[in-house]
Amino acid sequence: MCIDMMLPLITYLSLVFAFTFYAYFSRVKNGCLQDYFIGNRSMGGFLLAMTITTTYISASSFIGGPGAAYKYGLGWVLLSLLQLPAIWLSLGVIGKKVAILARRYHAITLNDILLARFESPLLVWLASISLLIAFIGAMTVQFVGGARLLETVSGISYDINLLIFGISIVLYTTFGGFRGSVLNDAFQGIVMLLGTGILLIAVIYASGGISAAVTTLHNIDPALVSPTGADNVLSPKFVTSFWILVCFGVIGLPHTAIRCISCRDSKSIHVGTILGTILIGVLMLGMHLAGALGRAILPGLTVPDLVVPTLMVKLLPPFVAGIFLAAPLAAIMSTINAQLLQSSATIMKDLYLSLHPQQTNNECRLRYLSSLVTFALGLLLLLTSWHPPEMIIWLNLLAFGGMESVFMWPLVFGLYWKRANSTGAWSSMVVGGTSYTLMVGMDLQPGGFHPVVLALTISLLAFLIANPFGRIAVSNRITNKF
């Protein structure tokens with residue numbers, strides 16, 4: 001174990017818990033369910049930008065993405081920037097509408113809005129179960145990724161690292177609630193920016209400058225500096241599928257929509273949109289460019305995903321490497337805490353209170369149960385991560401593509417189409433989720449596109465075909481007044 005490398009990590013985790021304790025004592029003073037899950041709708045533009053960006057970015061942006069750029073070249077760097085409009089789409093398309101309806105219906109979760117909009121408990125239960133299944137898969141991937149990352153630098157076994165990493169996240173999410181999550185997201189966003197800048201500068205310096213690095217890449221393989229990438233992997237169909245999966249599809253991700261519920265006002269959304277877009281652009285460009293140029297320094301890696309950890313160890317002093325190591329950990333932790341809180345809110349608000357509505361005003365009991373559910377979910381994730389399956393990467397893709405296939409059209413049509421009803425919504429959810437799961441399970445790519453493209457198309461058709469057979473909800477008038 002390298003003490004100099006671990007010291008910044010220990011400091012980082014200490015600061016995370018300091019923010020958590022601050023948030024916990026603030027929450028105790030307010031003492032309500034709304035404060036635990038959405039921070040009393042008090043989030044400003046800067047915090048909104050930081051939390052939605054860090055929630056969107058996970059370990060793949062710091063490990064898998066740069067690894068792909070190492071293998072396929074500068075074309076993949078260009079491809080990664082297709083994610084640039086993701087925050088603009090999330091906040092611009094659904095942000096303000098979600099915030100309006102959340103205040104109108106006193107909503108704490110996305111399913112609260114769906115229930116009030118479509119007036120269908122069946123739809124809410126279907127959405128809740130789908131969300132919980134998808135989040136458990138997605139969070140398991142992040143738990144495994146964090147433990148593996150610590151294992152590479154600490155020399156400690158995977159099981160011990162999983163306990164350290166997992167318990168840290170479970171505790172600070174359980175006690176900090178939404179406020180702790182947002183404060184830590186802001187801190188973690190700063191850590192990501194710092195780590196990205198350190199690594200990119202080190203790579204450019206070690207390679208003799210960008211011009212020299214590009215020349216070296218061209219000498220290794222001219223395709224590494226072409227728009228289509230090595231092996232011509234970046235075909236129009238691949239690029240289209242990638243954009244839909246990681247950019248356009250984020251409109252349908254519940255854990256990004258929940259950030260809109262918790263913002264303070266419309267100005268916060270406008271500021272968050274601008275800052276978030278800038279932040280995601282810097283992080284995506286910096287990390288993927290470091291991965292691509294890193295091949296000029298380390299041309300012989302057989303496992304591309306090792307490019308960032310190897311560059312970190314090779315180019316940076318141990319203490320500075322420890323600072324950078326906190327960046328991918330921050331990305332993982334910020335993603336997990338958002339999904340963990342959303343899962344807990346779904347169980348408490350959408351399922352428990354629907355079965356026990358008489359408990360709605362029992363704030364003391366709800367606060368206790370909310371923390372208990374969050375803690376129990378965290379322990380469940382530790383168990384699912386203990387012996388990770390070999391196909392865990394496909395579990396991650398299945399989770400996110402599945403959520404997009406299930407939630408995209410009910411959310412968009414629910415916000416923008418007054419005649420949308422519950423029949424169209426649940427038909428879209430069932431058909432979209434089922435078709436995506438079957439195509440991924442059978443490894444089908446119709447027409448050469450990723451399964452999410454066809455699944456979203458089929459779920460759209462299902463909504464439009466089934467909608468005329470349903471009843472329009474009474475609450476179908478959506479105002480534009482914030």
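When only residues in segment 224-258 that are assigned to a loop (DSSP other than H, G, I, E, B) and out of contact with any Asp or Glu (no Cβ under 9 Å at 6 or more places or on another chain) count, which is nearest to I57 (Cα to Cα)? Working first, answer last.
First, pick out the residues of segment 224-258 that are assigned to a loop (DSSP other than H, G, I, E, B): 226-229, 233-235, 247, 253.
Still in the list and also out of contact with any Asp or Glu (no Cβ under 9 Å at 6 or more places or on another chain): 226-229, 233-235, 247.
Working: S226: 26, P227: 24, T228: 24, G229: 23, V233: 23, L234: 22, S235: 24, C247: 12 Å.
Among them, the one singled out is C247.
Considering only residues that are over 13 Å from L456 (Cα atoms) and either surrounded by fewer than 19 Cβ atoms within 10 Å (Cβ to Cβ) or of a type outside the set (A, V, I, L, M) (or both), which ones fall in segment 244-262?
C247, P254, H255, T256, R259, C260, S262 - these are the residues of segment 244-262 that are over 13 Å from L456 (Cα atoms) and either surrounded by fewer than 19 Cβ atoms within 10 Å (Cβ to Cβ) or of a type outside the set (A, V, I, L, M) (or both).
Somewhere in segment 94-104, is a residue in contact with a Pro (Cβ under 9 Å, 6 or more places away or on another chain) and within 23 Å of M50 (Cβ to Cβ)?
no
Evaluate the following for I167: is it within 27 Å of G424 (Cα to Cα) and surrounded by fewer than 24 Cβ atoms within 10 Å (Cβ to Cβ)? Spell out how you get there, then give the answer.
Working: within 27 Å of G424 (Cα to Cα): no; surrounded by fewer than 24 Cβ atoms within 10 Å (Cβ to Cβ): yes.
It is false that I167 is within 27 Å of G424 (Cα to Cα) and surrounded by fewer than 24 Cβ atoms within 10 Å (Cβ to Cβ).
Could you say whether any residue in segment 142-152 is more than 29 Å from T277 (Cα to Cα) and buried (at least 24 other Cβ atoms within 10 Å of the Cβ)?
yes
Surrounded by fewer than 23 Cβ atoms within 10 Å (Cβ to Cβ) and more than 12 Å from the chain's Cα centre (by Cα), is that true of L89?
yes
Throughout, read-outs are computed from the coordinates displayed, never taken from laboratory work. Note that the structure is a prediction, hence the values are computed from the model and not measured. Neighbour counts are summed over all protein chains in view; Cβ atoms, including those assigned to glycine, are modelled from backbone coordinates with ideal geometry.
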